[in-house]
Structures are given as structure tokens and as C-alpha cells.
Amino acid sequence: MQKNQTAEIEWKDTGVPVATQFDDPYFSLDNGLDETRHVFLSGNDLPARFVSGFHVAELGFGTGLNMLATLMAWQSVGAPDGVRFTSFEAFPMVPDDIARALSAFPEARALADPFLAAWADGLRVFDLHGLTVEVIEGDARAQLATWSGQADAWYLDGFSPAKNPELWGDDLLAQVGARTAPGGTFATYTAAGFVRRALDAGGFDVERVSGYGRKRHMSRGILRA
Ligand SMILES: C[S@@+](CC[C@H](N)C(=O)[O-])C[C@H]1O[C@@H](n2cnc3c(N)ncnc32)[C@H](O)[C@@H]1O
């Protein structure tokens, strides 16, 4: 896989972007923002857990919608200092595609200007209304291995495990466990058995809970002590 290969996008009539390389949408066809709130925020008990220095990490940055939903949730509890959002992305979208995707979510788009300006300037570390954001480009399997951070909450948001198995492999999910702070958590929209087993092997107590929309189940978990 080449580093920094730009995402190729096709658009559903509804405005949902689909990655041609993976033949999979970036978020729910029903309501991407609601899905993010259900799966990644509630799945990690956010915003209740936000404290100064809290670190969210994500596999699969895509349009930045999860980042913007996190920003809104963090602001809703008073925006404690020093909260960080780090995301890994192998196929960055071009700014126009991101702006087009976010235009379906006025609430998120209203906060996106500093992000879009930084992104267009090629910046991958930027401040977003006080949230410190870093997007690490390249294949997450290589980049996470050299990452020295530790996340309090993980959003595991690759394309579907059947279409994007690279982001759901045993080794990568073991690295996720190794880069989780004590008491840290993960959430993901998938309940695929091999993903849950890999996360269990990676050190998490994994549970299957109600999914969003048409998905009956999703998974969440907490790092074992
Ligand atoms: C479902 S989308 C993520 C949606 C995103 N979280 C958002 O808020 O829009 C999955 C993302 O994983 C990225 N991806 C796929 N394989 C990857 C890999 N090996 N390393 C890093 N990112 C990868 C894709 O390019 C895509 O942006």
C-alpha cells in the first residue's frame, strides 16, 4: 500500500460518500451523526468520562465526522483542558470531498472551518476549537506500531471487516490493546466474531450490545486490569 494514496469517492444520491477502493460507505446510510453518537460516544461512555488530558484515538479518520461529534460532546460537558483526538488514516480524502460529505450534517459542518482550512494547508496536527487533533497518515498497521501514545478511548472505525480486513487483524488489535491506558475502552459498530476474539486476545473484556439502525449488535469493551 502506498503512503498518502488519496481516497477515491463515489456518492450515493443521499450524499453519503462511498470509497471505491473498498466499495463501502464512510458512515451509516441512515444518519451518520446519530450512528457516531450511539456507537463511538455512548460505546465509550462519552462525554461522561472526559477529564483533562483525556485521549481519544481512532482507526480510520475518513471525513472527520467522528472527530466533530467528539468535539460537540466534549464542549457539552464544559470542554476540560488538554483533550486530544488522534486518528490513523491510510487514504486521506481531499478537502472538497470532506466538505461535501460534512454538508449533510449542518451541526458538525458549523464547527468544521478550522479543520477544513488546516486540512487544505496540508496540516495534520491542528487545534479545533481547543481540541488538539493529530491525523497520522499511512497504513495503521505500520503507524500504530511506532506510536508512543496511549488512548483512553478507541473508536475502531475501519470499513466492514469483510471488505477491509487489514484494519481488523489480530496483530493490529493487539497493538490497540497495548496502546490503551489503564481503564481504557474501545467501541466499534461491528460484532463480527473474529474481531471480538481478537480484541479479547488483545486484553479487553468485550461485550456485545445493541447496534445502531439496521445493525442488531455492536461491540464495546474495557481493558482488563
Ligand atoms: C468507515 S471509514 C471511517 C469513517 C470516519 N471515522 C469518519 O468519521 O468519517 C474507514 C476509514 O478507514 C481507512 N482505512 C482503511 N484501511 C486503512 C489502513 N490499513 N490504515 C489506516 N486507515 C485505513 C479508510 O481510508 C477510511 O477512511
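The values are calculated or read from the model by the stated rules, or taken from the named source; none is laboratory data. All values derive from a computational prediction rather than experimental measurement. Glycine also receives a Cβ, built like all others from the backbone with ideal geometry; neighbour counts cover every protein chain displayed. SASA here: full protein model, heavy atoms, side chains in, ligands and nucleic acids out. Shrake-Rupley method; radii C 1.70, N 1.55, O 1.52, S 1.80 Å.
Report the residues of the range 1-41 in range of a label on ALA145: point 7 Å along Cα→C-beta, backbone N strictly under 20 Å from it.
1-5
Roughly how far apart, in whole Å, are the Cα centres of the range 15-33 and the range 156-174?
17
Provide the percentage of antiparallel DSSP beta bridges, counting only those with both residues in the range 10-223; round to the nearest 5.
Numbers: 19 of 39 bridges.
Among the beta bridges of the range 10-223, antiparallel pairing accounts for roughly 50 percent.
Could you tell me what fraction of 2.2 N^0.38 Å the Cα radius of gyration of the range 1-56 comes to, as a two-decimal ratio?
Working: Rg = 15.3 Å, N = 56, 2.2 N^0.38 = 10.2 Å.
Compared with the compact-globule rule of thumb, the range 1-56 sits at 1.50.
Rounded to the nearest whole Å³, what is the per residue volume of the convex hull around the Cα atoms of the range 100-191?
146
Determine the sum of side-chain charges near ALA120: Lys and Arg each +1, Asp and Glu each -1, restricted to other residues whose C-beta is under 14 angstrom from that of ALA120. Write down the numbers at each step before the final one.
Values: positive: ARG100, ARG124; negative: ASP96, ASP97, ASP113, ASP121.
In short, -2.
Which values, in whole Å and largest first, are the semi-axes of the equivalent ellipsoid of the chain obtained as the square root of 5 times each eigenvalue of the Cα gyration tensor? The partial results should precede the final answer.
Numbers: eigenvalues 109, 83, 64 Å².
Those come to 23, 20, 18 Å.
Quick one: accessible area per residue over the chain, 1.4 Å probe, rounded to a whole number of Å²? Could you put the intermediate results ahead of the total?
Details: 9660 Å² over 225 residues.
About 43 Å² of surface per residue is accessible.
Per the Debye formula with a single identical scatterer at each Cα and no solvent contribution, what log10 I(q)/I(0) holds for the range 46-89 at q = 0.17, 0.26 Å⁻¹?
Cα-only, vacuum Debye calculation for the range 46-89: -0.43, -0.91.
With unit charges on the beta carbons (Lys and Arg positive, Asp and Glu negative) and the dipole taken about the Cα centre of the chain, which residue among ALA90, GLN175, ALA145 sits farthest to the positive side?
GLN175
Give the calculated FRET efficiency between ARG49 and GLU8 to the nearest 0.05, with a Förster radius of 41 Å applied to their Cβ-Cβ distance. Walk me through the intermediate numbers first.
Details: r = 36 Å, r/R0 = 0.89.
Taking R0 as 41 Å, the efficiency between ARG49 and GLU8 is 0.70.
Under 15 Å from the Cβ of ARG216, count the other residues' Cβ atoms, weight Lys and Arg +1, Asp and Glu -1, and hand me the total.
Values: positive: ARG196, ARG208, ARG214, LYS215, ARG220; negative: ASP30, GLU35, GLU207.
Taking every Cβ under 15 Å from that of ARG216, the sum is +2.
At 222 nm, what value in deg cm²/dmol follows for the chain if DSSP H runs of at least 4 each add -39500 (n - 2.57) and the sum is divided by all its residues, to the nearest 500? Walk me through the intermediate numbers first.
On the way: 8 runs with 59 residues, N = 225.
The helix-only estimate for the chain comes to -6500 deg cm²/dmol at 222 nm.
Could you compute the net charge surrounding THR20? Neighbours are other residues with a C-beta less than 10 Å from the C-beta of THR20; K and R count +1, D and E count -1. Provide the component values of the computation, followed by the final result.
On the way: positive: none; negative: GLU8, GLU10, ASP23, ASP24.
Around THR20, the surrounding residues sum to -4.
I need the calculated FRET efficiency for the pair ARG100 and SER160, taking r as the beta carbon distance and R₀ as 22 Å, to the nearest 0.05. Before the final figure, lay out each step's value.
Details: r = 22 Å, r/R0 = 1.02.
Calculated transfer efficiency: 0.45.
Give the calculated FRET efficiency between VAL18 and ASP171 to the nearest 0.05, with a Förster radius of 30 Å applied to their Cβ-Cβ distance.
0.60
Round to a whole angstrom and tell me the spacing of the C-alpha centers of the range 99-145 and the range 59-95.
So the separation of the two Cα centres works out to 7 Å.
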